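The values are calculated or read from the model by the stated rules, or taken from the named source; none is laboratory data. Just so it is clear, the model here is predicted, and its values are computed rather than measured. Every residue, glycine among them, receives a Cβ derived from its backbone with ideal geometry; neighbour counts consider all protein chains shown. Note: areas computed on protein heavy atoms with side chains; ligands, DNA, RNA excluded. Shrake-Rupley method; radii C 1.70, N 1.55, O 1.52, S 1.80 Å.
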Amino acid sequence: MTSASLSVTANSTANATRRGNALGRRLLIVAAWLVFALFLLLPLLIVVSEALKQGFGTFFTAIFEPDALAALKLTLLAVGISVPLNLVFGVAAAWCVSKYEFRGKSLLVTLIDLPFSVSPVIAGLIYVLLFGAQGYFGEWLSDRDIQIIFAVPGIVLATLFVTVPFVARELIPLMQEQGSTEEEAARLLGASGWQMFWHITLPNIKWGLIYGVVLCTARAMGEFGAVSVVSGHIRGLTNTLPLHVEILYNEYNHVAAFSVASLLLALALVILLLKQWSESRIARLKTGAQP
Amino acid sequence: MSIRRFALAALASALIAGPALAADTLLNVSYDPTRELYVEFNDAFNKHWQAQGHEPIKIQQSHGGSGKQARAVIDGLRADVVTLALAGDIDELHRLGKLIPEDWQTRLPDASTPYTSTIVFLVRKGNPKGIKDWDDLIKTGVEVITPNPKTSGGARWNFLAAWAYAQQKYGTEEQAQEFVGTLYKNVPVLDTGARGSTVTFVNNGIGDVLLAWENEAFLALKEQGGEDFEIIAPSLSILAEPPVAVVDKNVERKGTRALAEAYLNYLYSEEGQRIAAKNFYRPRNEAVAAEFKDQFPALKLVTIDGDFGGWKAAQPKFFNDGGVFDQIYQAE
Amino acid sequence: MSRRTSSVIPGFGLTLGYTLVYLSLLVLIPLGALFLKTTELSWAQFIAIVSAPRVLAALKLSFGTAFAAAVLNGVIGTLLAWVLVRYRFPGRKIIEAMIDLPFALPTAVAGIALTALYAPNGPIGQFATELGFKIAYSPLGITLALTFVTLPFVVRTIQPVLADIPREVEEAAACLGARPLQVVRHVLLPALLPAWLTGFALAFARGVGEYGSVIFIAGNMPMKTEILPLLIMVKLDQYDYAGATAIGVLMLVVSFVLLLFINLLQRRIARS
């Protein structure tokens, strides 16, 4: 079933038969625009307008301030570690879920999804319970002078936790839909497991993979609650960009807070563009597959 | 595969960035309103330290609600020194974390409190609601902004100052509790930290009066150009004593004891006291205090040790689970 | 759809093993620590903590506002999905792309933006003040923040289902004399309901746990505008680890049940 082509053909017949509903149609479109403007556009505009309240000078000073750059670096580091790890996990998880039948599969899928609905605060709390000085491994770590929470590893762990499901969740339905016939053919023709994966599976799931990575990146970049619990809030060292926004906001630095916020907003918009692009590739792939 | 190489590179840099707290850095874990004070003090101390023939050091700051910060240190945040809002929070470093000895407060002059402050009212320009004293805060229609005493040290000082006033005026504890209960009914937003409350009052325009650290109130005036707000000194307030301490277990691990002690001692130096006064903290040093005496209104002040039996008695009575503060909120 | 167990395809042991080890290390063992910590409490203590008036108030608030936000999303999400799937109009592509903004935007940014918007001196908050009510620092503000953060869920779950319903079915029904409401009731509703419920449940689950966007706008008043995740933070900052984990366990159990419910729904969708 290809949704795009279907709705296009449906659309042309509808225009003829449904003229009587034109008024209702127009009303609904206007309502959608209103909802969109009120709920999505307005918050976006206020970030930008607050950021530029005192002109571009203060805007750029806030963004290129050393602590902001350190926060940006830390955010990119957390993204750079957690996204590839969750990418590999997502492929492995989607592989075993979509290619085989086994008992307890739906429990496994639920477990993969679990971090989605665990409150970020709990995600931070559990690592404090494990690795905090009063935690289960606290003494052991302290004796070996290893620091996990209130340092980079803790921030990476918390980010990893909240972004576990993203790639797997995108890939599982895609790979289930595609089935395994192509892989089976490749195997019968003598391809090794890895050859089959690189030449058959990967090209097939490429765009879904990118889509998952994009969503994963967005969440990793923006995580606040979980990271806030394990960060320690040391300026220039363990503050990520979202935490830096909070600090600036609490320093009477309204304009600077919104400047850094608009940097994050710009990153979010780039992510949306990438997402849109990978989505359109998926759609094209699907329509190309069964014309 | 380039993704794998990228991951390796990222991992490697994480390992390098991980143990960044080396011997030439000092981490000062502090409470909310001291950000500006320590930015200035750190620069001055660094110059002083280098003038004594040492290498320049990197001083890191972390700020948040006082209770939250103490908890982070107990959970393993490697603070060399803590500069918190009240002694009760530093006591927890001994009780729960075994990070410092029990007698920590005797190790530095003035009960380890290099500067003090008090609680004042910040009102909107022209004082439209005519707020002069604590009595005016319980009138209907007056919105009071103060943070949550459970998480904020400043809020605990606010609470106790109101309590002390009511007890002196009405005589009994029941009446004091009723007074404070009525006051908190007038609070529309209870932020987690003192700074959050200031932002709520100043930037978001909520409320008629902010109960604030004196230094925080002055800072708000300075940042906002003094055009929109006025400071009102009540007839009675509390001597707020934010103490400091070296975290023994951490400085021994990191080998930074000499540096950490020099850092805290410098707070007591004339230069350190002057920086504190410039940032609107009341200095202990009498010469510096005389220099800045026009800046601070003379107030009748109660003290935590003299009037409340110290934090060891006040904390469980008022702020722990089931204490007076909980009773006030659950009475409704 | 092929779903047979094929021995031809290699990697079952490897991928399942890796998945299980990774999940255990990152998710299961840490969450286990949460349960382990609560075993330090007796049943009576656990019940006493989670039934304290302040916790119950937070529970009601978190679940109530998350539910209200999910319902609101159920309405406007359906509207947006309908318009995006069925109509071509100027700006459709922009709306389509921007629907996911709440997913891409860090929640702290959403929090300060919405607070600036709805605070009594903000552009929208001003109107509310004039009309005599407030948005920020009230449950209404929390609901609006949660609505923003969870907006994409309903839209994105019902969009594909809506696109798959052949329009001919509706049109045939209409030609046979069914009134629009009847079409909705007998044709659209049964087809959309499972997806709608999935989106609703996802939004609800996310809303209950949301922290970053809410704390700025909530006001954080005990018994009034204090959400559950914040209460966990507050308990933690009072050195009350057991209390914090008890509330955490309660939330976790609720989200797990919700997720199981969602997955069951999705299986039903897949089967039909």
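Is it the case that residue B:197 is under 30 Å from residue B:106 (Cβ atoms), among the small types (Gly, Ala, Ser) and in contact with a Leu (Cβ under 7 Å, 6 or more places away or on another chain)?
So residue B:197 fails the test.
Conditions tested, residue by residue: (1) more than 10 Å from chain A (Cβ to nearest Cβ); (2) in contact (Cβ under 8 Å) with a residue 60 or more places away in the chain; (3) open to solvent by less than 10 Å² (accessible area, probe 1.4 Å).
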{"site": "C:184", "(1), (2), (3)": "yes, no, no"}
{"site": "C:188", "(1), (2), (3)": "yes, no, no"}
{"site": "C:194", "(1), (2), (3)": "yes, yes, no"}
{"site": "C:202", "(1), (2), (3)": "no, yes, no"}
{"site": "C:216", "(1), (2), (3)": "no, yes, no"}
{"site": "C:222", "(1), (2), (3)": "yes, yes, yes"}
{"site": "C:229", "(1), (2), (3)": "no, yes, yes"}
{"site": "C:234", "(1), (2), (3)": "yes, no, yes"}
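Can you name every residue in region B:48-77 that is surrounded by 24 or more Cβ atoms within 10 Å (Cβ to Cβ) and assigned to a loop (DSSP other than H, G, I, E, B)?
Matches in region B:48-77: B:65, B:75, B:76, B:77.
Determine if region C:157-171 includes at least one residue that is in contact (Cβ under 8 Å) with a residue 40 or more places away in the chain, open to solvent by less than 10 Å² (accessible area, probe 1.4 Å), closer than 23 Å to residue A:44 by Cβ and not small (Gly, Ala, Ser).
no
Does residue A:98 meet the test of being in contact (Cβ under 8 Å) with a residue 40 or more places away in the chain, more than 25 Å from residue C:150 (Cα to Cα), open to solvent by less than 30 Å² (accessible area, probe 1.4 Å) and more than 7 Å from every other protein chain (Cβ to nearest Cβ)?
In short, yes.
Output the number of the condition that residue A:214 fails; it satisfies all remaining conditions of (1) over 16 Å from residue A:64 (Cα atoms); (2) crowded, with 22+ Cβ neighbours inside 10 Å; (3) within 7 Å of another protein chain (Cβ to nearest Cβ).
It is condition (3) that residue A:214 fails.
Filter region C:236-246 for residues that are assigned to a helix (DSSP H, G or I) and either at the interface with chain A (Cβ under 10 Å from one of its Cβ atoms) or acidic (Asp, Glu) (or both); which is surrounded by the fewest Cβ atoms within 10 Å (Cβ to Cβ)?
So the residue we want is C:241.
Looking for whichever is out of contact with any Pro (no Cβ under 6 Å at 6 or more places or on another chain), of a type in the set (Ser, Thr, Tyr) and open to solvent by 50 Å² or more (accessible area, probe 1.4 Å) here; the options are A:163, A:181. Which one fits?
Exactly one of A:163, A:181 is out of contact with any Pro (no Cβ under 6 Å at 6 or more places or on another chain), of a type in the set (Ser, Thr, Tyr) and open to solvent by 50 Å² or more (accessible area, probe 1.4 Å), namely A:181.
Given (1) open to solvent by less than 30 Å² (accessible area, probe 1.4 Å); (2) within 12 Å of chain A (Cβ to nearest Cβ), identify the lone condition not met by residue C:25.
All conditions are met except number (1).
For residue C:247, are the conditions met, namely being closer than 30 Å to residue B:195 by Cβ, within 17 Å of the chain's Cα centre (by Cα) and of a type outside the set (Gly, Ala, Ser)?
no
Please work out which one of (1) at pLDDT below 90; (2) within 16 Å of residue A:59 (Cβ to Cβ) is the condition residue A:285 fails and give its number.
(2)
Mind checking which residues of region C:83-114 are under 24 Å from residue A:27 (Cα atoms), facing chain A (nearest Cβ under 7 Å) and open to solvent by 30 Å² or more (accessible area, probe 1.4 Å)?
C:88
So, in region B:128-180, of the ones that are in contact with a strand residue (DSSP E or B) (Cβ under 6 Å, 6 or more places away or on another chain) and part of a loop (DSSP other than H, G, I, E, B), which residue ends up nearest to residue B:116 (Cα to Cα)?
B:146
Check every one of the helices (runs of 4 or more DSSP H) wholly within region B:197-316 and list those with 1 or more residues that are farther than 30 Å from residue B:95 by Cα.
B:214-223, B:270-278, B:286-291
Could you say whether any residue in region A:113-120 is touching a Ser or Thr at 6+ places or on another chain (Cβ under 7 Å), buried (at least 16 other Cβ atoms within 10 Å of the Cβ), part of a helix (DSSP H, G or I) and within 9 Å of chain C (Cβ to nearest Cβ)?
Taking every residue of region A:113-120 in turn, at least one turns out to be touching a Ser or Thr at 6+ places or on another chain (Cβ under 7 Å), buried (at least 16 other Cβ atoms within 10 Å of the Cβ), part of a helix (DSSP H, G or I) and within 9 Å of chain C (Cβ to nearest Cβ).
For region B:184-199, name all the residues that are closer than 22 Å to residue B:136 by Cα and more than 8 Å from chain C (Cβ to nearest Cβ).
B:184, B:185, B:186, B:194, B:197, B:198
Go through the residues of region B:130-144 one by one and say whether even a single one is small (Gly, Ala, Ser) and without any contact (Cβ under 8 Å) to a residue 40 or more places away in the chain.
Yes; the residues of region B:130-144 include at least one that is small (Gly, Ala, Ser) and without any contact (Cβ under 8 Å) to a residue 40 or more places away in the chain.
Mind checking which residues of region A:100-115 are among the basic types (Lys, Arg) and modelled with pLDDT of 90 or more?
none
If a residue has to be free of Cβ contacts under 8 Å to residues at least 12 places away in the same chain, touching a Gly at 6+ places or on another chain (Cβ under 9 Å) and at the interface with chain C (Cβ under 10 Å from one of its Cβ atoms) to count, how many in region A:152-179 make the cut?
1
Condition (residue is under 18 Å from residue A:254 (Cβ atoms), open to solvent by less than 20 Å² (accessible area, probe 1.4 Å) and without any contact (Cβ under 8 Å) to a residue 60 or more places away in the chain) applied to region C:131-145: is it met by at least one residue?
Scanning region C:131-145 turns up no residue that is under 18 Å from residue A:254 (Cβ atoms), open to solvent by less than 20 Å² (accessible area, probe 1.4 Å) and without any contact (Cβ under 8 Å) to a residue 60 or more places away in the chain.
Which numbered condition in (1) in contact with a Lys or Arg (Cβ under 9 Å, 6 or more places away or on another chain); (2) of a type in the set (A, V, I, L, M, F, W, C); (3) assigned to a helix (DSSP H, G or I) is the only one that residue C:223 fails?
(3)
Would you mention how many residues in region A:145-178 are touching a Lys or Arg at 6+ places or on another chain (Cβ under 8 Å) and either among the aliphatic types (A, V, I, L, M) or outside any helix (DSSP H, G or I) (or both)?
Residues meeting the conditions: 5.
Would you mind stating whether residue C:35 is open to solvent by 50 Å² or more (accessible area, probe 1.4 Å) and under 20 Å from the mean Cα position of the chain (by Cα)?
No, not satisfied.
For region A:124-136, what are the residues that are more than 7 Å from every other protein chain (Cβ to nearest Cβ) and either closer than 16 Å to residue C:24 by Cβ or without any contact (Cβ under 8 Å) to a residue 40 or more places away in the chain (or both)?
Passing the criteria: A:131, A:135.
Going by what's in this entry, would residue C:42 be described as more than 10 Å from chain A (Cβ to nearest Cβ), polar (S, T, N, Q), free of Cβ contacts under 8 Å to residues at least 24 places away in the same chain and open to solvent by 20 Å² or more (accessible area, probe 1.4 Å)?
For residue C:42, the condition - more than 10 Å from chain A (Cβ to nearest Cβ), polar (S, T, N, Q), free of Cβ contacts under 8 Å to residues at least 24 places away in the same chain and open to solvent by 20 Å² or more (accessible area, probe 1.4 Å) - is met.
Select, from B:186, B:148, the only residue that is surrounded by fewer than 23 Cβ atoms within 10 Å (Cβ to Cβ), at pLDDT below 95 and assigned by TED's automatic domain parsing to the domain that holds residue B:232.
Selected residue: B:186, the only one of B:186, B:148 that is surrounded by fewer than 23 Cβ atoms within 10 Å (Cβ to Cβ), at pLDDT below 95 and assigned by TED's automatic domain parsing to the domain that holds residue B:232.
What are the residues in region C:90-106 that are charged (D, E, K, R) and in a loop (DSSP other than H, G, I, E, B), if any?
Within region C:90-106, C:100 is the sole residue that qualifies.
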